[in-house]
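Everything below concerns the one structure shown next.
The values are calculated or read from the model by the stated rules, or taken from the named source; none is laboratory data. The shown structure was predicted, so the numbers you read here are calculated from the model rather than taken from an experiment. What goes into the accessible areas is simple: the full protein's heavy atoms, side chains included, and nothing from ligands, DNA or RNA. Shrake-Rupley method; radii C 1.70, N 1.55, O 1.52, S 1.80 Å.
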Amino acid sequence: MLAELKKEIYLANMDLPKYGLVTFTWGNVSGIDREKGLFVIKPSGVPYDELKPEDMVVMDLEGNKVEGKYNPSSDTPTHVELYKAFPEIGGIVHTHSSWATSWAQSGRSIPCYGTTHADYFYGEVPCLRCLNKDEIEDAYEKNTGLLITDYFKENDYKAMPAVLCKNHGPFTWGKDGHEAVHNAVVLEEVAKMAARCERINGQVEPAPQELQDKHYYRKHGEGAYYGQGK
Ligand SMILES: [Zn+2]
């Protein structure tokens, strides 16, 4: 079942250690087949060097396991909420990548200090609040998803394909698992550079809005002209 998607998401998961975004078994990538309403996700706690495409777990959007010998990633209920609320995404990544997580643990959104950031993320990458005691004790992973989808009721999840959860770490998404991983790698670089900028210049200001707009809109939306597209 979903052999192609399993292979794609297996490869996307293997990109996490390749790009230095995960330690041990931390982190997970999922990808969805919208027609079937099923997604595949990394199994929980299986080391990356033992992972195989057929180990990917197939889930439905009610959070039921449809196929797989392993339990799915413990973060699966978060992925479910994001897929339900963001109809145009095809893949989700969660990591505890060091620089992005450092911003999350500091409880700070990442300001847009330059064009690398603006090319991918429109405005500051938001850091959401920590969950409260009740939200943590009952249905923690689902509540993490609801906190994120709540924020994006008022904000554009396509213009900001990343979020930081306070005291926890980043989630990113994209049109498929590969793009979600790409965004996770860019987020980590942007987080690292922003931290350095503040160390080099304690008074550093966000990039001018017109520069942010230029870089974001030349790659995204109606008038995009960056690259070899149509
Ligand atoms: Zn986590």
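Please report the antiparallel percentage of the DSSP beta bridges confined to the chain, to the nearest 5.
Looking only at bridges with both residues in the chain, the antiparallel portion is about 90 percent.
Pick from ASP55, ASP119, ASP156: which is most flexible by mean-square fluctuation in a GNM of the chain where alpha carbon atoms under 10 Å apart are linked?
Result: ASP156 has the largest fluctuation of those listed.
Could you identify which residue out of PHE121, PHE39, PHE86 has the top mean-square fluctuation in a GNM of the chain using Cα springs shorter than 10 Å?
PHE86
Cross-link candidates for LYS6: which lysines have Cα within less than 19 Å, leaving aside residues fewer than 8 places away along the same chain?
Partners found: LYS18, LYS36, LYS42, LYS52, LYS65, LYS69, LYS175.
Can you send over the carbon and sulfur percentage of the accessible area for the chain, probe radius 1.4 Å, protein chains only?
Here carbon and sulfur together make up 49 percent of the probe-accessible area.
Give the angle, between 0 and 90 degrees and rounded to the nearest 10, that separates the Cα long axis of helix 177-200 from the longest principal axis of the Cα atoms of the chain.
So the helix axis and the longest Cα principal axis differ by about 40 degrees.
Relative contact order for region 1-218: what is it in percent, counting Cα pairs under 8 Å that are at least 6 residues apart? The partial results should precede the final answer.
Working: 423 pairs, mean separation 50.6, N = 218.
Reported as a whole number, the value is 23 percent.
Build a GNM of the chain with springs between Cα atoms under 10 Å: which of GLN203, GLN105, GLN212 gets the top mean-square fluctuation?
Its mean-square fluctuation being the largest, the pick is GLN203.
Where only protein heavy atoms count, and the probe is 1.4 Å, what is the accessible area per residue for region 1-127 in Å²?
Numbers: 5510 Å² over 127 residues.
It amounts to 43 Å² per residue over region 1-127.
Rounded to the nearest 10 degrees, what's the angle between the helix 209-219 long axis and the longest principal axis of the chain, both from Cα atoms, 0 to 90?
Approximately 40 degrees, to the nearest 10.
Residue by residue through region 150-161, what is 3J(HN,Hα) from phi via Karplus (6.51 cos²θ - 1.76 cosθ + 1.60, θ = phi - 60°)? Round to whole Hz and write x for glycine and proline.
Each residue's phi maps through the Karplus curve to give 4, 4, 7, 5, 9, 9, 8, 5, 7, 7, 9, x Hz.
Based on alpha-carbon centroids, what's the gap between region 123-183 and region 8-35 in Å, whole number please?
Comparing the Cα centres of region 123-183 and region 8-35, I get a distance of 17 Å.
May I ask you to evaluate 6.51 cos²θ - 1.76 cosθ + 1.60, the Karplus curve with θ = phi - 60°, for each residue of region 36-48 and list the ³J(HN,Hα) values in order in whole Hz, giving x for glycine and proline?
7, x, 10, 10, 10, 8, 4, x, 6, x, 8, x, 4
For region 1-218, what is the Kirkwood hydrodynamic radius in Å, using each pair of distinct C-alpha atoms?
Roughly 17.4 Å, rounded to one decimal.
Pairing the Cα long axis of helix 76-85 with the longest principal axis of the chain, what angle in degrees results, from 0 to 90 and rounded to the nearest 10?
With rounding to tens, the tilt is 60 degrees.
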